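Asks: Please see the structure below; I have some questions.
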Amino acid sequence: MMFGKTTFTLLYSIANLSLVVCLACTNCNDIVLSFNNPSELPSRCDGQLVETDVCQVVFRTNYVTKEIHMNLTGGSDEIGNYRLELAVQNKFDEPKMKDVNITYTCQNSFDCAKIYYLLTIQTLIQNELILDKIEEEIFDPTVVNVQQCSDNQDQPVTCQNGYGCHGYEIIENDQIDFEGECRNDSTVTIFPRQYFRITLVQGDPPLSSDWNHFGFTCNKQNLCNSRQQIKKIVKIANDFYPWELIPPNSSTNV
């Protein structure tokens, strides 16, 4: 009888252990896909599952080469159950850069990172037109310099040899702020001449903060980085990808 209890206890412990660690994730790296067929993963990825704490996908959508570079992995995550980092950058100087880089970590369902990619990628490709619309709103290739930009207090300041104005909307823990300044030749080595960038980071506790930043450098006209203009561009860019704070456990239509 004692042997039976011991066997039952051992089997019960093994069953519980499998429930804790049995999150299956695709483990397949160095994947390159075309915009023409972004959901067709290579056959070498079929059945490449690992049991792990979290699933993760890291992929870069390159709108210039029309390719997606991706890694699907699993691992341990001590920060939280949900993280999303999104950066969109368009550098109007040559060589032109127009990329979306996403890192998505999850532990809510079987192979959830792969599922996220498959549900998201087609929308990101189709929304390239929105990136082009933002470019048209903030950039004029015929303008050599700007004379005035808005500062952090949304007041006009005179620029010395300014090639553009920089504007930023920053949201951290539900607190919103704006930044603004002139960009001139002294900043070229640090910042690209003309660009916009969106960054969203979210996570469950113990991640201390949620933050999202939207910034751009513009030369469309003087004061093109005013708060009114920043809000206008934010509204357009939000159609590309929603980076207002999203509850980590909600289902989001991308």
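The values are calculated or read from the model by the stated rules, or taken from the named source; none is laboratory data. None of the values given here were measured: they were computed from a predicted structure. For neighbour counting, all protein chains shown are included, and Cβ atoms are generated from backbone atoms with ideal geometry for every residue, glycine included.
Asks: For THR189, are the conditions met, namely being modelled with pLDDT of 90 or more and surrounded by fewer than 18 Cβ atoms within 10 Å (Cβ to Cβ)?
Replies: Against the criterion (modelled with pLDDT of 90 or more and surrounded by fewer than 18 Cβ atoms within 10 Å (Cβ to Cβ)), THR189 does not qualify.
Asks: Residues of segment 48-63 being of a type outside the set (Phe, Trp, Tyr) and within 18 Å of the chain's Cα centre (by Cα), which ones?
Replies: Matches in segment 48-63: CYS55, GLN56, VAL57, VAL58, ARG60, THR61, ASN62.
Asks: For segment 34-76, which residues satisfy the criterion of being closer than 30 Å to ASP132 by Cα, assigned to a strand (DSSP E or B) and free of Cβ contacts under 8 Å to residues at least 40 places away in the same chain?
Replies: Step one: list which residues in segment 34-76 are closer than 30 Å to ASP132 by Cα, which gives 34-41, 56-72.
In the following step, the residues that additionally are assigned to a strand (DSSP E or B) were identified as 34, 56-62, 67-72.
Hits for segment 34-76 are SER34, ASN62, GLU67, HIS69.
Asks: Next up: Conditions: (1) part of a loop (DSSP other than H, G, I, E, B); (2) at pLDDT below 90; (3) in contact with a strand residue (DSSP E or B) (Cβ under 8 Å, 6 or more places away or on another chain). ASN161 meets all but one. Number of the miss?
Replies: Every listed condition holds for ASN161 apart from (1).
Asks: Now for a different question. Is it the case that some residue within segment 199-212 is surrounded by fewer than 16 Cβ atoms within 10 Å (Cβ to Cβ), modelled with pLDDT under 90, closer than 20 Å to ASP140 by Cα and not acidic (Asp, Glu)?
Replies: No, segment 199-212 contains no residue that is surrounded by fewer than 16 Cβ atoms within 10 Å (Cβ to Cβ), modelled with pLDDT under 90, closer than 20 Å to ASP140 by Cα and not acidic (Asp, Glu).
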